[in-house]
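Nothing in this text is a laboratory measurement; each read-out follows from the coordinates by a stated rule. As the structure is a computational prediction, the values presented were derived from the model and not from experiment. Cβ sites come from the backbone with ideal geometry, for glycine too, and all protein chains shown count toward neighbours.
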Amino acid sequence: MKLNLNIQPLSSWIKTGSEPLLIAGPCSAETEDQLVATAHLLAKTGRVSALRAGIWKPRTRPGEFEGIGSIGLEWLKRAKAETGLPTAVEVATAKHVEEALKAGVDILWVGARSTVNPFTVQEIADALRGVDVPVMVKNPVNPDLSLWIGALERINNAGITKLAAIHRGFSSHEKSAFRNEPMWDLAIGLKTLAPELPLINDPSHITGNRDLIGYISQKALDLDMQGLMIESHIDPSVAWTDAKQQVTPDALVEIIKHLTLRKPEIRNSEVKDKLEELRNQIDKIDDLVIQKMAERMKIVEQIGNYKKDNNITILQVNRWDEILNKRTNYAKALKLNTDFTEKLLELIHAESIRKQTEIMNKDEAGQAADKLTHA
Ligand SMILES: O=C(O)C(=O)C[C@]1(C(=O)O)C=C[C@@H](O)C=C1
């Protein structure tokens, strides 16, 4: 089911001419000179549609630089006046919203640490009621699509129709090359549920490493995301926050120059025909896969009944182990990715267990339901 969001196109609130759409600026506004000088260099590139800067910074531990605060809004005003770049800041409280709007900030964003908390998001949404300002909502720090959607809905329900989502990656305790795991599935999930909602990628926070920004940006564009938000600092080596993931405005241009822009629409009729032919083949194979799965589940059901009559446990570790080994080896020989094969088999096995659990407990569940209805 699609989400019921009331959204205006991106082009109604930000300059979308030069692709990819780029929002750039320092992680934090540190000094007036640093912010204004960075803004001038970014404006000079001719590629940037809005200037971002953190004024209020949520830090994990106390004692770190928590943002320059409201004074930074004055610097942003000056940066905008001198460069013509619209400005964007993160807001985390109703007071931030009020101050940012009073200072004429053009775009607001809700950070990942705020998106996790519906109370915070609602407070921000209430402060936005009756205001016509674009708002971008970053994904929550934890990989929970519902929380992300919930935050977007709260802001949208407050009357904000100039809305976008920002994909900045998710916390994970697993060791990884990234600061925040992209978990692309969640971004694809959001795009599938709300195709009209602009989705902007934040490769700076995903990578935590300027050398990987180009790679993630390309992948985001190939997944049909509408723009990029990249942290850029006049001199990243002395940045007060997130130094490793910031790039100079010159380096930013280099990254952008190397990106290949691809379109979701297929215009060439020859390409269209060839794609259609291949997609027809996929349709047939997918139907077969589903058919075979249904057949497999019928057998799983028979085994379930047999296990029930003979008091045999559902889980059969040795058999499962044998299946995993045999099938992954076979899949490997057919050049299928092992990780994919394992995930697929695990999914099938989980469904078998669900199905057999249902069979095992059918009578008990039925009796419990009877008791309830006759109580
Ligand atoms: O072989 C069984 O006992 C089954 O019930 C089938 C099946 C499977 O889906 O392949 C399901 C559960 C068991 O843990 C092992 C295998």
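Numbers below:
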read-out: Additional length obtainable on full extension of the chain from D283 to L193, 0.36 nm per residue less Cα span; value: 30.2 nm
read-out: Peptide ranges 18-29, 129-140, 221-232, 300-311 listed from the most packed, as the mean C-beta count within 10 angstrom indicates; value: 18-29, 221-232, 129-140, 300-311
read-out: Relative exposure of S171, S204, judged by other C-beta atoms within 10 Å (fewest first); value: S171, S204
read-out: Too-long pairs where the Cα-Cα distance tops 22 Å, listed order kept, from K77/K191; K57/K244; K15/K95; value: K77/K191; K15/K95
read-out: The chain: calculated mean residue ellipticity at 222 nm from DSSP helix runs of at least 4, using -39500 (n - 2.57); value: -16500 deg cm²/dmol
read-out: Theoretical gain in end-to-end length, L259 to A37 [0.36 nm per residue, Cα-Cα removed]; value: 77.3 nm
read-out: Mean Cβ count within 10 Å, highest first, over the residues of peptides 321-332, 245-256; value: 245-256, 321-332
read-out: Estimated FRET transfer efficiency when R0 is 56 angstrom, pair K292-D126 (beta carbons, to 0.05); value: 0.60
read-out: Between the stretch 306-358 and the stretch 175-198, the alpha-carbon center distance in angstrom; value: 28 Å
read-out: Residue order, fewest to most beta carbons within 10 Å, for M1, M360; value: M1, M360
read-out: Distance between modelled label sites at K307 and N6, nm, 7 Å Cα→Cβ extension; value: 5.1 nm
read-out: Cut-off under 5 Å, modelled amide H: who pairs with S28 long-range; value: G54, T241
read-out: Cross-link reach list, lysines versus K335, counting only Cα pairs under 22 Å and skipping chain neighbours closer than eight places; value: K284, K292, K326, K343
read-out: Listed pairs K307/K362; K138/K219; K138/K257; K298/K362 exceeding 20 Å between Cα atoms; value: K138/K257
read-out: For V247, residues with placed amide H under 5 Å, excluding near neighbours; value: S232, H233
read-out: Those aspartates and glutamates that a straight Cα-Cα span of less than 16 Å connects to K263, excepting residues fewer than 8 apart in one chain; value: E19, E196, D222, D224
read-out: Separation of the R319 and A243 label points, Cα + 7 Å toward Cβ, nm; value: 6.0 nm
read-out: Burial ranking of peptide ranges 54-67, 77-90 (average Cβ count within 10 Å, highest at the top); value: 77-90, 54-67
read-out: Fewest-first ranking of V289, V105, using other Cβ atoms within 10 Å as the exposure measure; value: V289, V105
read-out: For V116, distant residues with modelled amide H under 5 Å away; value: V141
read-out: Å³ per residue enclosed by the Cα convex hull of the chain; value: 212 Å³
read-out: For the stretch 27-38, 3J(HN,Hα) per residue [Karplus equation, 6.51 cos²θ - 1.76 cosθ + 1.60, θ = phi - 60°, Hz, x = Gly/Pro]; value: 3, 10, 6, 9, 9, 4, 4, 4, 5, 5, 5, 4
